[in-house]
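Reading through the structure tokens given below for one structure.
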Amino acid sequence: DTTEPAVQSEQVRLYFIASGQLTYVVSQLPIPVTLAQLVAALQAGPPTGELGAGLRSAVPALLEILVTTDGSGVAEVVLPDPFFDAMTINDQRLVVGQLVLTLTDSRGIGQVTFDQAVPKPNGELTPAGQPLSYRDFQSLLVSAGVVGG
């Protein structure tokens, strides 16, 4: 009998861009889900088929993004120097939102810090090392907008 053991997986929310706002898709990742796996899933882009229709990711697939946590509930994101170079201002806000919302949606992470200044939804720059939370980027969520607007 060569039955493969079933890979245990966990549901996670991955945040992608839909018409200039953020929305999530529920995805299955093998457990234990790591922060690096979440970032890799964002880099891989939205799922194929109907679930991912109209969605895109601004997280560059080819750049190495390091994510660590010391167990205090804060995820530290180290972005490569050219991270924002090829992005529009709008995508810069959205990519930070994708990372913050996806990481803080996972177990035990309440805040995210970046090793360089990053824009908030209003365009204001957040200094390197200053913690950002889910609430900081809620305004980018599709559901937060005016319904039918």
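The values are calculated or read from the model by the stated rules, or taken from the named source; none is laboratory data. Given the structure is predicted, the values throughout are model-derived calculations rather than measurements. Reconstructed Cβ throughout: ideal geometry from the backbone, glycine too, with neighbour counts over all protein chains shown. In case anyone asks, the SASA skips ligands and DNA or RNA and just uses the protein heavy atoms, side chains included. Shrake-Rupley method; radii C 1.70, N 1.55, O 1.52, S 1.80 Å.
Quick look at the values:
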| read-out | value |
| --- | --- |
| Charge sum, other residues only, whose C-beta stays under 12 Å from LEU38's C-beta, Lys/Arg counted +1 and Asp/Glu -1 | 0 |
| Under 5 Å, built H, 5+ apart or other chain: amide partners of LEU22 | LEU141, VAL142 |
| Of all accessible heavy-atom area on the range 81-128, the percent that carbon and sulfur account for (1.4 Å) | 50 percent |
| Probe 1.4 Å, accessible area per residue of the chain, Å² | 55 Å² |
| Degrees, to the nearest 10: 35-44 long Cα axis against longest axis of the chain | 80 degrees |
| Farthest positive-ward along the chain dipole, Cα basis, beta-carbon charges - from SER143, THR88, ALA128 | SER143 |
| DSSP bridge orientation in the range 34-134 - percent antiparallel, rounded to nearest 5 | 65 percent |
| Solvent-accessible ranking of ARG13, ARG135, ARG93, largest area first, probe 1.4 Å | ARG135, ARG13, ARG93 |
